[in-house]
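J.: Handing you a structure now.
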Amino acid sequence: MAEVVIVGTPAEAGGIAAEFIARLVARKPDAVLGLATGSTPLPVWTALAERAKDPARPLDLERVRGFALDEYLGLPAGHSQSYRAVIDREVVEPLGLDPALVHVPGDDGGPVEGAGERYEAAIAAAGGVDLQVLGIGRTGHIGFNEPGSSLASRTRVKTLTEQTRADNARFFPTPGEVPTHCLTQGLGTILDARHLVLLAFGEAKAPAIAGAVEGPVSASLPGSAIQLHPQVTVIVDEAAASGLAYRDYYRFAWDNRLAFER
Ligand code: F6R
């Protein structure tokens with residue numbers, strides 16, 4: 001079962017995830033991070049940027065490497081909502097990462113055909129992802145693995161659902177400008193990361209979180225694939241946790257974790 005942490009605020013969640021990353025980087029200065037975009041991970045990057053500036057606890061992120069989960073297809077190069085641009089603006093710059101060490105699917109200049117295989121090869125050459133930050137969509141997607149995605153899927157082209165396009169329309173001038181296709185790491189790719197940290201906030205995410213954490217493992221709710229992974233931390237606010245049957249137990253387990261787990 002995933003470790004589920006129920007917090008009061010997204011900022012608190014960001015602080016916990018940032019601490020996981022800080023500890024990883026202290027142990028492995030060239031750690032490989034898996035990077036999610038969207039609104040959910042923003043408190044993680046904010047907390048990590050603050051943590052990196054704390055003179056009392058030095059943290060050097062210069063050698064950290066990164067692989068984004070996904071990228072839209074069909075946006076003009078340099079579009080402000082391309083995930084390459086979003087990752088540069090929201091992650092690389094505030095954290096002071098080396099942009100040459102941070103990759104987004106399809107940004108290697110090659111054709112879309114074969115981009116998934118090339119991305120998989122790049123992740124493998126980097127030694128795999130140490131810690132994967134994940135959000136979850138209302139369809140239950142992680143990455144852009146929409147319902148029906150194979151639990152063994154690898155990086156490939158996917159078609160977004162109308163629900164996901166509508167949810168992401170807030171980032172575009174008009175809903176029609178949200179791309180219909182993307183390149184996304186597969187569920188099998190995500191499961192290869194050594195630690196999964198899935199965050200979710202707000203009531204709209206409660207059904208997806210309940211299904212991912214406690215529902216049957218099914219391609220119909222792709223986030224449920226996390227149940228196949230041995231090291232998962234799910235960090236949610238009260239609203240996103242509201243559909244979890246065992247939330248009292250998760251609180252008890254977190255409050256009573258042993259000294260070596262803290
Ligand atoms: C983003 C990604 C998606 C988002 C999900 C939630 O790279 O892979 O799975 O994490 O769509 O998006 P937000 O956080 O904007 O609600």
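J.: For the peptides 228-239, 115-126, what is the packing order when you average, over each peptide's residues, the other Cβ atoms within 10 Å and list the highest mean first?
T.: Peptide ranking by packing, descending: 228-239, 115-126.
J.: In addition: Give the carbon-plus-sulfur fraction of the accessible surface of the chain in %, rounded to a whole number; probe 1.4 Å, heavy atoms of protein chains only.
T.: That fraction is 56 percent.
J.: Sorted from largest to smallest, which semi-axis lengths in Å does the alpha carbon gyration tensor of the stretch 92-179 give for its equivalent ellipsoid, taking the root of 5 times each eigenvalue?
T.: Working through the eigenvalues yields semi-axes of 24, 18, 15 Å.
J.: Hey, what's the chain come to in accessible area per residue, 1.4 Å probe, Å²?
T.: Ligands and nucleic acids excluded, the figure is 44 Å² per residue.
J.: Can you grab the distance from the C-alpha centre of the stretch 160-210 to the C-alpha centre of the stretch 76-113, Å, no decimals?
T.: Using only Cα atoms to place each centre, the spacing works out to 17 Å.
J.: How many nm separate the modelled label positions at D54 and A125, each set 7 Å beyond the Cα in the direction of the Cβ?
T.: Between D54 and A125, the label points sit 3.6 nm apart.
J.: Calculate the length of the line joining the C-alpha centroid of the stretch 45-73 to that of the stretch 1-36, in whole Å.
T.: 11
J.: Whole-Hz Karplus ³J(HN,Hα) for the stretch 92-101, in order, using 6.51 cos²θ - 1.76 cosθ + 1.60 and θ = phi - 60°, x for Gly and Pro?
T.: So the J values, rounded to whole Hz, are 4, 5, x, 8, x, 6, 7, x, 5, 9.
J.: Then there's this: So if the hydrodynamic radius of the stretch 185-249 is defined as the Kirkwood radius over C-alpha pairs, what does Stokes-Einstein give as its diffusion coefficient at 25 °C and 0.890 mPa s, in µm² per second?
T.: 204
J.: Let me ask something additional. For H181, enumerate residues with amide H under 5 Å from its amide H, sequence gap 5+ or separate chain, H modeled in the peptide plane.
T.: Amide H neighbours of H181: L73, L160.
J.: Hey, if you put +1 on the Cβ of every Lys and Arg and -1 on every Asp and Glu Cβ in the stretch 3-256, which of A239, T161, G215 ends up farthest toward the positive end of that dipole?
T.: Going by the charge dipole, the pick is G215.
J.: Starting from the Cα coordinates of the stretch 3-256, work out the convex hull volume and express it per residue in Å³.
T.: Residue-normalised Cα hull volume stands at 120 Å³.
J.: Additional query: If packing is taken as the mean number of other Cβ atoms within 10 Å per residue, what is the order of 141-152, 71-82, 209-220, highest first?
T.: Ranking the peptides 141-152, 71-82, 209-220 by packing returns 141-152, 209-220, 71-82.
The values are calculated or read from the model by the stated rules, or taken from the named source; none is laboratory data. All values derive from a computational prediction rather than experimental measurement. Glycine also receives a Cβ, built like all others from the backbone with ideal geometry; neighbour counts cover every protein chain displayed. Please note that ligands, DNA and RNA were not included when accessible areas were found on the heavy atoms of the full protein model with its side chains. Shrake-Rupley method; radii C 1.70, N 1.55, O 1.52, S 1.80 Å.
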